[in-house]
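Below: the structure, in structure tokens.
Here, each number is a calculation from the coordinates, and none is a lab measurement. Every value quoted in this text rests on a predicted model; they were computed, and no experiment measured them. FYI the Cβ positions are ideal-geometry reconstructions off the backbone, even for glycines, and counts take in every protein chain you see.
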Amino acid sequence: MTRRRRGPILLVLPTMVILVLVVIFPMIYSLTVSFRFYDLRVPRHPFVGFENYIRLFTDPRFHNALRVTGLLLLGELALQFPIGFGLALLLARKFWGKKVVQPILLIPMMITPVVVGYMGRLLFETRSGPINYFLNLMGLPGALWHTSANTALLTVILLDTWQWTPFMMGVLLAGLVSLPPEPYESAKVDGASSLQIFWYLTLPLLKPVIALVIIMRSLAILQTFDIIYVLTMGGPGTATETIGIYTYLIGFRYWDIGQASSAAWVLAIMLSIGVTIFLRMMGRERR
Amino acid sequence: MNLRTRKIFSQTITYILIGIALIFTLFPIYWMLLTSFQPSDELMQSPPRFITSRPTLEHWRFAIENKWRYFINSLIISSSATAIAILVGSLSGYAFARYRVGGDTLPFWILSLKFFPPIAAAVPFFLMMNRLHLLDTHIAVIIPHLIITIPFAVWMIKGFVAEVPRELEEAAMIDGCSHLGVIRRVTLPLIAPGIVVTALFCFIWSWNDFLFALILTRSHAMTLPVAIAGMREAHGLMWGAVSATAAMATLPVLLMAIVLQKYIVRGLALGAVK
């Protein structure tokens, strides 16, 4: 091996050492814990095999967490994708003041999620919050929002939509702007209507970017934690208890670290499926 | 409708829709700022007030006097996690871009860590820090934050290096520069803006983290987001004080977002789009 070959590996070494120590090692540790009865208040942690996983998959509360997370995923995508796409199409047009408007619309996704959750508490406040006030003004009844089991998940979805629709908008807009102009010119010459152009040109050309934003958002939604912690802590009851919140409560409220580890591993495996799809798409994008 | 009126019509619709989007985007931020400047007796009134006639600094004074140390904690933790990530990330980002170390597999594995769920790492980190008696120290939070900052830094810097034409480096080498000299005098100055952008993003991701800090700190090393979440229980209905603290947490991020505005999308999409 010459010096030329060893140099690059040395450059990568510090990164790899750190990542092995902060990712691989803790995950292996967590895997071993997930096969033990590990209650922090009890000094001994006996090996129990798959019992934590069996308890997890037979726990109705975990089934509920899966259902809540699924609903959250569908609800958020159903709102964020169409709104984000619509805004991206608007911003792809030419209009006065675009240079100022565009960065303003991106602001929400930079704000600390805990702060967003707190904003939700202010805005959705049932008695004197501005949202119920506006609803009353339009002759509609106010809602109980995050304080009722019926509307709590919807409130979380709306708040997260405020924060993350800009992400959909921004990425889709970047995709729209980089589309090749030639097919559009010939379509116009052929007299295609704008609806036809959108359906037969824009959508198919944008398909890779659309798939990318949807998978990236999905991976993030499956981990939703911060906003819910501040807004409802999984309640009322278990109405907004996502997998993330469930794992936290099992581990750090009930101190059942063994079962929390098994839940964390199930979540990590679920996500790795999505991540594999994401990496495939990134790989294709670069070729 | 002739062409002209149609154009005016579509322009008007664009402005109306953009206007609605702006109101929806800005109102929550405005509402939080307003609450932080309103005297306590004006808060949570029905009907709500949309402007205040008697602005006060009492909540901001409370936030700064009582929550300043959490602000400093956040600052220490985020700067450290950023500095380490930039240091090791520049080295490996350069190596990945120029020498294709580890082919596609290694950089892609690092990229995939951007989606690694913090809750999965939080449990073992809690046990390890507990055993090492490091709970509630800055280090206990800085170390897991590297999971957030390093993969991002590596991937972004790799992208920025790849944009520097290889010919530039080769030309300097022919002129008698050593390899390290080329990196220092040619490549580094060219990617410097990219490194600043990457650093600001790393800082924001670390600043915005809640889960690691929640589990690994109690009081001494508590970060600002954890302090904000904790105010709910401790102070019941102190809306003004919480708003001022929340605004205090938002301010640095907003300032950085202004600097970053051209790169926000690229940063969030991990360079998948420019």
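Check A:VAL115 against each of (1) within 30 Å of A:ALA92 (Cα to Cα); (2) not in a loop (DSSP other than H, G, I, E, B) and name the one condition it does not meet.
Going through (1) within 30 Å of A:ALA92 (Cα to Cα); (2) not in a loop (DSSP other than H, G, I, E, B) one by one, A:VAL115 breaks only (1).
With respect to B:ILE51, determine if the residue is farther than 30 Å from A:LEU267 by Cα, part of a loop (DSSP other than H, G, I, E, B) and within 13 Å of another protein chain (Cβ to nearest Cβ).
On the way: farther than 30 Å from A:LEU267 by Cα: yes; part of a loop (DSSP other than H, G, I, E, B): yes; within 13 Å of another protein chain (Cβ to nearest Cβ): yes.
Spelling it out, B:ILE51 is indeed farther than 30 Å from A:LEU267 by Cα, part of a loop (DSSP other than H, G, I, E, B) and within 13 Å of another protein chain (Cβ to nearest Cβ).
Select from the stretch A:41-65 the residues that are surrounded by 15 or more Cβ atoms within 10 Å (Cβ to Cβ) and either among the aliphatic types (A, V, I, L, M) or part of a loop (DSSP other than H, G, I, E, B) (or both) and list them in ascending order. Talk me through it step by step, then tell me what you get.
So in the stretch A:41-65, the residues surrounded by 15 or more Cβ atoms within 10 Å (Cβ to Cβ) come out as A:45, A:48, A:51-53, A:55-56, A:59, A:62, A:64-65.
The answer is A:HIS45, A:VAL48, A:LEU56, A:ASP59, A:ALA65.
Of all residues in the stretch B:253-274, which are at the interface with another protein chain (Cβ under 7 Å from one of its Cβ atoms) and in contact with a Lys or Arg (Cβ under 8 Å, 6 or more places away or on another chain)?
If the condition is that a residue be at the interface with another protein chain (Cβ under 7 Å from one of its Cβ atoms) and in contact with a Lys or Arg (Cβ under 8 Å, 6 or more places away or on another chain), then B:VAL273, B:LYS274 are the ones that fit.
Of the numbered conditions (1) more than 25 Å from the chain's Cα centre (by Cα); (2) of a type in the set (Phe, Trp, Tyr); (3) surrounded by 13 or more Cβ atoms within 10 Å (Cβ to Cβ); (4) more than 14 Å from chain B (Cβ to nearest Cβ), A:TYR29 fails exactly one; give the number of that condition.
Of the numbered conditions (1) more than 25 Å from the chain's Cα centre (by Cα); (2) of a type in the set (Phe, Trp, Tyr); (3) surrounded by 13 or more Cβ atoms within 10 Å (Cβ to Cβ); (4) more than 14 Å from chain B (Cβ to nearest Cβ), the odd one out for A:TYR29 is (4).
In this structure, does B:ASN73 turn out to be farther than 30 Å from B:ARG184 by Cα, over 22 Å from the mean Cα position of the chain (by Cα) and of a type in the set (S, T, N, Q)?
Details: farther than 30 Å from B:ARG184 by Cα: yes; over 22 Å from the mean Cα position of the chain (by Cα): no; of a type in the set (S, T, N, Q): yes.
It is false that B:ASN73 is farther than 30 Å from B:ARG184 by Cα, over 22 Å from the mean Cα position of the chain (by Cα) and of a type in the set (S, T, N, Q).
Name the residue, out of B:MET222, B:MET231, that is part of a loop (DSSP other than H, G, I, E, B), out of contact with any Ser or Thr (no Cβ under 6 Å at 6 or more places or on another chain), among the hydrophobic types (A, V, I, L, M, F, W, C) and buried (at least 18 other Cβ atoms within 10 Å of the Cβ).
Numbers: B:MET231 fails: part of a loop (DSSP other than H, G, I, E, B).
When all the criteria are applied, what remains is B:MET222.
I'd like to verify a number: residues in the stretch B:157-177 that are surrounded by 13 or more Cβ atoms within 10 Å (Cβ to Cβ) and either at positive phi or among the hydrophobic types (A, V, I, L, M, F, W, C) (or both), how many?
Residues of the stretch B:157-177 surrounded by 13 or more Cβ atoms within 10 Å (Cβ to Cβ): B:157-162, B:164, B:168-169, B:171-173, B:177.
Now narrow it down to the ones that are either at positive phi or among the hydrophobic types (A, V, I, L, M, F, W, C) (or both): B:157, B:160-162, B:164, B:168, B:171-173, B:177.
The number of residues fulfilling the criteria is 10.
Restricting to the stretch B:63-96, give me the number of residues that are buried (at least 21 other Cβ atoms within 10 Å of the Cβ) and either farther than 20 Å from B:PHE201 by Cα or at the interface with chain A (Cβ under 7 Å from one of its Cβ atoms) (or both).
The number of residues fulfilling the criteria is 9.
I'd like the full set of residues that are at the interface with chain A (Cβ under 7 Å from one of its Cβ atoms) and farther than 17 Å from A:LEU279 by Cβ, limited to the stretch B:97-119.
Residues satisfying the conditions are B:TYR99, B:VAL101, B:ILE119.
So how many residues does the stretch A:125-138 have that are of a type outside the set (A, V, I, L, M) and either touching a residue at least 60 places away in the same chain (Cβ under 8 Å) or assigned to a helix (DSSP H, G or I) (or both)?
Initial filter on the stretch A:125-138 (of a type outside the set (A, V, I, L, M)): A:125-130, A:132-134, A:136.
Among the residues that remain, those that are also either touching a residue at least 60 places away in the same chain (Cβ under 8 Å) or assigned to a helix (DSSP H, G or I) (or both) are: A:130, A:132-134, A:136.
Count: 5.
Residues checked against (1) part of a helix (DSSP H, G or I); (2) of a type in the set (D, E, K, R); (3) out of contact with any Leu (no Cβ under 9 Å at 6 or more places or on another chain):
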| position | (1), (2), (3) |
| --- | --- |
| B:LEU111 | yes, no, no |
| B:ALA120 | yes, no, no |
| B:PHE125 | yes, no, no |
| B:HIS133 | no, no, yes |
| B:ILE142 | yes, no, yes |
| B:HIS145 | yes, no, yes |
| B:TRP155 | yes, no, no |
| B:GLU170 | yes, yes, yes |
| B:LEU180 | yes, no, yes |
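Can you tell me how many residues in the stretch A:85-131 are more than 9 Å from chain B (Cβ to nearest Cβ) and farther than 22 Å from B:THR250 by Cβ? Can you show your working first?
Within the stretch A:85-131, the subset more than 9 Å from chain B (Cβ to nearest Cβ) is A:85, A:88-89, A:92, A:94, A:99-100, A:124, A:126, A:131.
Checking the rest, the ones that are also farther than 22 Å from B:THR250 by Cβ come to A:85, A:88-89, A:92, A:94, A:99, A:126.
Residues flagged as more than 9 Å from chain B (Cβ to nearest Cβ) and farther than 22 Å from B:THR250 by Cβ within the stretch A:85-131 amount to 7.
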